[in-house]
Each structure stands twice: as C-alpha cells, then as structure tokens.
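Below: the structure, in structure tokens.
The values are calculated or read from the model by the stated rules, or taken from the named source; none is laboratory data. These numbers were taken from a predicted model, which means no experiment stands behind them. Cβ placement follows ideal geometry from the backbone for every residue including glycine, while neighbour counts extend to all protein chains displayed.
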Amino acid sequence: MASRSNRSVALTTAAIVGLSLGTVAAHDRKTAGQFQLVIGWGEEPAFTGSRNSVVVAVSDAGGPLKEAGASLSVEVTFGSERVTLPLEPAFSRPHEYRAWLVPTRAGTYTFHVTGKVKDQAIDVSSTCSDRTFDCVAEASDIQFPAKDPSAGQLSDRIDRALPRAELATAAAWRAQAIAVAALAVSVLTAAVAIVLSRRKDRNRV
C-alpha cells in the first residue's frame, strides 16, 4: 500500500508540475540537488528576428516553488558567440525566471544556467535538440505569400558582398591611376616632341 501511495504522490506531483509550467514537452528538465529546473524558450517554435526569452522554471518535490529566492543567470551560446544574461523573476509566476533576447541566426543554441536557488548551487547546461527544446528556425519558413530575407541573412549577404566590392573599387582605382599615368606620359611625350621640333626649326634658321 505504501508503495502505491508513494507512486500516486509522485504521479500527482509530476502532473502538477507539468500543468503549472505550461507546455513543457519541448523543454529540458535538469536536476540540481532537491530542485528540478525546466529550461527552454519562452515561445516555441523559436524563429529568427522574433523577440523571445530563455525560461527557467524551478520546482521541488512539492511542485513549483512559491518563493524560489533564486539568483540565476544564463550564458547563451551559438557557435563561437556567447552572451551572459540575468534571469529575472517572471511577473505573477515566482517559480519562473526569464532572460529576454532576439535570436538573429537559425541553428543550435546552448543555455548554461548558473547561480543559486536558496542555498543550492546551480550549474546546468542544455542544448537544443529533438529531446530538449527547439532549435531556432528561419522566420522565412512560416512567411507567406513572399519569403523575405531576415536581418541575419541580409547581414551575411552584405558581409560576402563587401570584399568583392572592395576588390572592385581597388581595381577601379588602379585602372584610374594607370589611365592618369598614361595620360601624363602622353602629355609629357607630346611636350617633349614640341620642344624638340622647335629646337630643330631654330637650328635650321
């Protein structure tokens, strides 16, 4: 009977946690001591150029903490780029913490959450995947009727175009310099020819 009772309590707790945290199917659960952290995007699916947030919800065996008393931050990593943001308590949801950002590139993101919940040290990481939380997708995937390039795509195109433009500009300057030099040589040659011609005329006289 005790085993059944414990199992029932565990199932009830899990159900309460799931309902109170909202849609967590695309979130990742991490354990730190007596606490459980549910990590993911505030808005999923996550798209480039759209304001979003890293969300960390804190619970224990009794469910979401009414007063988490947490001091947390999250390091968001994308490739070699990283930024550390403070996790602030969400309005009217004391067990939930958010850090706002706008993801500008599609791909794989990692959230590294550190700090303290009460006296418990927190140091957990989660990377987007099919089993954790959504990776960021291009906003053009859901655009209709026309698919406009994102700010990130435009920036990449500019970055690729700039070296070619700089090379073209340099080539144009070189061509212009050569043309000016050739013109100067032509003018000088003509001047020398005129001077020599006049000297010959004088000598004849």
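On inspection, residue 130 passes the criterion of being outside any strand (DSSP E or B), closer than 14 Å to residue 27 by Cβ and outside the structural domain of residue 156 (by TED's automatic domain parsing).
Would you be able to say whether some residue in segment 100-107 is surrounded by 13 or more Cβ atoms within 10 Å (Cβ to Cβ), within 16 Å of residue 37 (Cα to Cα), in contact (Cβ under 8 Å) with a residue 40 or more places away in the chain and among the polar types (S, T, N, Q)?
no
A quick yes/no check of all residues on (1) closer than 22 Å to residue 141 by Cα; (2) among the hydroxyl-bearing types (Ser, Thr, Tyr); (3) at pLDDT 95 or above:
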{"residue": "56", "(1), (2), (3)": "no, no, yes"}
{"residue": "62", "(1), (2), (3)": "no, no, no"}
{"residue": "65", "(1), (2), (3)": "no, no, no"}
{"residue": "73", "(1), (2), (3)": "no, yes, yes"}
{"residue": "94", "(1), (2), (3)": "no, no, no"}
{"residue": "106", "(1), (2), (3)": "yes, no, yes"}
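Scan segment 95-139 for residues that are under 17 Å from residue 43 (Cα atoms) and of a type outside the set (Phe, Trp, Tyr) and the total you get is 25.
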